[in-house]
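Have a look at the structure below, then the notes.
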Amino acid sequence: MEEIPVFVKVDDYKEVLKTINELKVKIDSAKELIAEIHKIKEEEESELETWKIGLSDVEQKIDNLSVLLKQ
Amino acid sequence: MAKKTTASQTEHVKTERVKSKTQVTQSKNPQKTPKTVEEQFYIGLTNPAQKRRILLELTADHLRLLKHIEVHKARRAEKKAIFQEYHKVMNEIKVLTQTIYNQLPKQNIPHKHTHTDAKKQNATTKPAPVDVPKARPRSELETLESELASIEKKLQTLQ
């Protein structure tokens with residue numbers, strides 16, 4: 001396809017550049033938000049592991065108690 | 001009254017029969033038989049301090065788990081707020097992109113097909129069925145899908 005040049009008014013061009021800069025700022029904040037979500041996700045996963053360990057501790061203690069009570 | 005278990009007794013749990021205490025209630029009517037309280041049985045627990053300690057530890061563990069759940073709730077609320085913020089930012093990005101698209105001049109794309117090709121195409125293609133507008137409001141997902149389809153269409157014409 002033949003490339004035909006497009007001419008844009010200087011004001012419009014400046015406006016487009018300004019909008020692109022705004023877009024860059026927004027993309028940066030979106031990146032930060034994704035990083036935060038990722039961090040929370042990791043914290044949740046570690047927390048889930050802690051819950052698992054805690055629950056198995058509780059289970060073990062209940063078993064011990066049950067054994068002691070049956071003695 | 002139950003007999004008290006002493007330390008000298010064996011470690012095994014003993015079931016002791018409680019002395020049956022027959023309470024004779026003085027009934028007003030002497031002809032009625034006296035009511036008796038049912039015999040109660042007690043089980044002696046050895047090492048009560050140890051058991052109490054285990055129970056206290058269990059309670060502490062449970063409380064810790066409940067505390068974790070509360071922390072998790074707060075974290076979920078925080079996560080929700082971040083998701084909402086992210087959604088807002090993405091919408092702003094969409095608006096800005098649309099603004100750029102509108103700010104740039106619309107270029108007429110020269111069509112590759114020749115006049116005859118277009119005629120042939122017109123002859124073969126049937127008129128597209130008219131879409132009946134749906135009564136129910138479109139969800140955000142549907143709106144996004146339709147926007148995406150329209151952009152993909154535009155991209156195909158550019159290629």
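The values are calculated or read from the model by the stated rules, or taken from the named source; none is laboratory data. Predicted, not measured: the structure shown is a model, and the values here were computed from it. Neighbour counts are summed over all protein chains in view; Cβ atoms, including those assigned to glycine, are modelled from backbone coordinates with ideal geometry. Areas reflect the complete protein model, heavy atoms only, side chains present, ligands, DNA and RNA absent. Shrake-Rupley method; radii C 1.70, N 1.55, O 1.52, S 1.80 Å.
Remark: mean inter-chain Cβ contacts per residue of A:30-39 equal 4, using a 10 Å Cβ-Cβ cutoff to other protein chain atoms.
The modelled label-to-label distance between residue B:39 and residue A:24, using points 7 Å beyond Cα along the C-beta direction, is 9.3 nm.
Based on the convex hull around the alpha carbon atoms, chain A presents an average projected area of 9.3 nm².
Each label was represented as a point 7 Å from its Cα along the Cα-to-Cβ direction; for residue B:80 and residue B:65 these points are 2.4 nm apart.
In a DSSP loop and with at most 16 other Cβ atoms within 10 Å, the trypsin sites (Lys or Arg not before Pro) in the stretch A:6-71 are A:9. Going from the isolated chain to the complete set of protein chains, the stretch B:47-72 loses at least 40 Å² of heavy-atom accessible area (1.4 Å probe) at B:51, B:54, B:58, B:61, B:65, B:68, B:72.
At the nearest 100 Å², what buried accessible area, both sides summed, do you get for A and B when the probe is 1.4 Å? Summed over both sides, the interface buries about 3500 Å². Residues whose amide H lies under 5 Å from that of residue B:42, counting only those 5 or more places away or on a different chain, are B:16, B:18; hydrogens are built 1.01 Å from N in the peptide plane.
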